[in-house]
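Student: Pasting in a structure now, in structure tokens, and then I'll have a few things to ask.
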């Protein structure tokens, strides 16, 4: 063994993964707006993953083509969004009589879909919810204000943000949130005012409370923030990614 090999490889300090850094930034941004952190299991019940959110039994998203089901685990799935965590938190807040309330959750989710530059089978999602008594006046204007402030903080004051009408079973009215990326609009989030059925499923009375919810990919924020061309780079174990 020569002298150089005796010394071994040079020590290299580890670095935090870019998505972990971004998750902390997201938590900080929402904490400054009064949101509490909510957590939940990655192996989730169909009730919290779908039924609570007004997604019917025959909805295409519940098919095996989109959702990973677990063998020998009846009515269990790998969660397709972290809305299940915020729904759990709001349900508990209602039981505790804590209104208004606001929660944010960032975590890994799973969807059985084809991968490309902007889609991956696993990714990190940000989900938030705010609910209050009718007299608190939580409105879609509040929703737009919260999300605009969040994206401006994460991506810079000059970031172009656009809200477009859409449809989701758990919100009414519903919006899509888009941001400019390489000269093109990239969908970032779905959002809207909570559907009355969602409030009922969380044990709340929609004649007495109202609120909004939103959810979208953390990875896509990272793509814009650091100009990363392919979302799959985050999951390939290439340490050069940490240069971002």
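The values are calculated or read from the model by the stated rules, or taken from the named source; none is laboratory data. The model shown is predicted, which means the values in this text are computed figures rather than measured ones. Note: ideal-geometry Cβ built from the backbone for every residue, glycine included; neighbour counts use all protein chains shown.
Student: Select from the stretch 107-123 the residues that are out of contact with any strand residue (DSSP E or B) (no Cβ under 6 Å at 6 or more places or on another chain) and surrounded by 16 or more Cβ atoms within 10 Å (Cβ to Cβ) and list them in ascending order.
Tutor: Selection gives 107, 111, 118, 120.
Student: Continuing with the same structure: Given the structure, is residue 133 more than 21 Å from residue 221 (Cα to Cα) and either at pLDDT 95 or above or touching a strand residue (DSSP E or B) at 6+ places or on another chain (Cβ under 6 Å) (or both)?
Tutor: Values: more than 21 Å from residue 221 (Cα to Cα): yes; either at pLDDT 95 or above or touching a strand residue (DSSP E or B) at 6+ places or on another chain (Cβ under 6 Å) (or both): yes.
Yes.
Student: Sort out which residues of the stretch 124-157 are surrounded by fewer than 21 Cβ atoms within 10 Å (Cβ to Cβ) and assigned to a strand (DSSP E or B), and write them in order of number.
Tutor: 132, 133
Student: State which residue pairs qualify: first residue at negative phi and without any contact (Cβ under 8 Å) to a residue 40 or more places away in the chain and inside the stretch 80-94, second residue assigned to a helix (DSSP H, G or I) and buried (at least 24 other Cβ atoms within 10 Å of the Cβ) in any location, beta carbons under 8 Å apart, and separation of 6 or more residues or different chains.
Tutor: Once the first residue is at negative phi and without any contact (Cβ under 8 Å) to a residue 40 or more places away in the chain and sits in the stretch 80-94, its partners that are assigned to a helix (DSSP H, G or I) and buried (at least 24 other Cβ atoms within 10 Å of the Cβ) give 80/49.
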